[in-house]
1. With within 20 Å of the chain's Cα centre (by Cα) and over 30 Å from VAL207 (Cβ atoms) as the only criterion, which of ARG74, ARG61 stands out?
2. Do you know which residues across the range 132-162 are within 17 Å of LEU83 (Cα to Cα) and assigned to a strand (DSSP E or B)?
3. Quick test of your reading of the structure: GLN248 fulfils all but one of (1) over 21 Å from ILE321 (Cβ atoms); (2) among the polar types (S, T, N, Q); (3) modelled with pLDDT under 95. Name the failing condition by number.
4. Please go through the range 12-24 and pick out each residue that is exposed (fewer than 14 other Cβ atoms within 10 Å of the Cβ) and not in a loop (DSSP other than H, G, I, E, B).
5. Answer with yes or no whether TRP287 is touching a Lys or Arg at 6+ places or on another chain (Cβ under 7 Å) and farther than 30 Å from ASN174 by Cβ.
6. Do we have LEU126 as surrounded by 18 or more Cβ atoms within 10 Å (Cβ to Cβ) and either assigned to a strand (DSSP E or B) or not aliphatic (A, V, I, L, M) (or both) here?
7. Inside the range 37-58, can you point out the residues that are more than 21 Å from the chain's Cα centre (by Cα) and touching a residue at least 60 places away in the same chain (Cβ under 8 Å)?
Amino acid sequence: MFDTPPQAHQVIEERFAPNRVEMVAAALRPAIVFSEKRDDKLGGSRIGGTPDLPKVIEWPRRPVPQHIDEIAKRAGEPFDADLGRHLAAGLPYAFIAQISLAEAAGLGDVAKPLPDAGRLLFFYDLIAGPFDTGMQSAKVIWDRSPAEAIAHTSTPDSLVTAASAYRTMIDDTNRQYGIQPDTRPAGAPLPGTPYGGPARPMALKAVLQLPSFSSLEFQASGQLVTIYDQTMIGGVQAFSQAYDSVSQGAGPVSLLLGAPVPEQDDPRYDAVIVNDYKTQSLSRADWAKNRDTVMEKAKDWLLLLQIDVPGWMQDSGEGTIYFLIRDKDLQDRAFERVVAVYQQT
């Protein structure tokens with residue numbers, strides 16, 4: 001990620017041959033990243049913690065699915081039974097992030113697709129979501145309440161209880177296998193669990209990103225794709241290795257808008273498959289048959305938010321959550337149609 005065009009050009013010039021610089025620079029696109037700050041302002045941007053809600057909006061709960069066993073069996077034995085019990089409980093979603101839309105709008109054109117007032121509140125079921133790509137594993141709320149109508153909320157008791165049981169389970173497992181917990185600085189908050197992460201107030205910042213080679217944006221970049229593919233096998237200075245180093249940076253990142261940074265394939269393919277084909281995945285034969293259609297329809301989908309799970313939990317979690325929305329649904333402010341995709345390597 002780069003703060004300014006000059007900074008981006010400097011890095012690109014240092015890593016690529018002169019005849020490749022403009023081609024790589026042409027792939028730069030805007031995105032919004034998060035940087036931690038100290039003051040947790042009411043209605044401000046935040047990752048983890050709890051949302052700021054008006055009295056008329058309750059902390060959302062995941063609906064109990066009609067076909068619990070079908071979802072639970074995706075986890076495999078012996079985890080299917082625990083997943084089934086979780087789904088039947090209809091617990092509140094874990095709170096993921098709150099985005100101040102006024103703050104985002106202040107960044108200029110990069111935030112133009114978003115509403116310019118209120119807050120976006122992101123919720124996700126991190127227990128079942130990895131096994132249930134789609135709309136039911138996530139909830140995104142556009143709250144337009146005035147600042148005087150909102151207040152910091154408390155975590156629902158059922159999530160507090162679930163988090164406590166989860167920590168006890170982890171402690172018991174560590175004792176069983178003689179694993180010592182990581183040393184944490186004095187005064188540091190408890191690490192998160194799948195039921196919630198520590199509150200981290202955030203400032204939003206506009207940046208430029210080079211799309212990951214797995215993203216749709218990269219695949220549409222023409223000559224860049226050709227040269228990348230031609231140099232997949234090469235030395236340390238190979239074009240593909242240099243591009244990966246610059247585009248992927250230091251590792252997982254949380255993003256607002258921009259191009260997703262996939263851990264596998266572009267998550268927008270999953271959004272198309274679950275939305276249009278009503279299945280979690282396509283067989284190899286069906287993928288070969290429908291690949292071009294899926295890739296074309298994926299162009300209609302946008303990244304709304306990408307959250308790095310270890311960063312959200314402030315612990316050794318795994319994976320990335322992608323909140324995706326079709327361009328038309330974003331224009332219509334139909335946030336109830338967001339699809340959540342989870343990936344891990």
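1. Numbers: ARG74 fails: within 20 Å of the chain's Cα centre (by Cα).
From the options ARG74, ARG61, the qualifying one is ARG61.
2. GLY134, ALA138
3. All conditions are met except number (1).
4. The answer is GLU14, PRO18, ASN19, GLU22.
5. Working: touching a Lys or Arg at 6+ places or on another chain (Cβ under 7 Å): no; farther than 30 Å from ASN174 by Cβ: yes.
Judged against the criteria, TRP287 is not a match.
6. No, not satisfied.
7. If we filter the range 37-58 for residues that are more than 21 Å from the chain's Cα centre (by Cα), which is where we start, we get 38-42, 53-58.
Matches in the range 37-58: ARG38, ASP39, ASP40, LYS41, LEU42, LEU53, PRO54, LYS55, VAL56, ILE57.
Okay, residues lined up against (1) more than 20 Å from ALA8 (Cα to Cα); (2) among the acidic types (Asp, Glu); (3) buried (at least 21 other Cβ atoms within 10 Å of the Cβ):
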residue: ARG175; (1), (2), (3): yes, no, no
residue: PRO189; (1), (2), (3): yes, no, no
residue: VAL225; (1), (2), (3): no, no, no
residue: VAL246; (1), (2), (3): no, no, no
residue: VAL272; (1), (2), (3): yes, no, yes
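The values are calculated or read from the model by the stated rules, or taken from the named source; none is laboratory data. Just so it is clear, the model here is predicted, and its values are computed rather than measured. In this analysis, Cβ positions are derived from the backbone assuming ideal geometry, glycine residues included, and neighbour counts consider all displayed protein chains.
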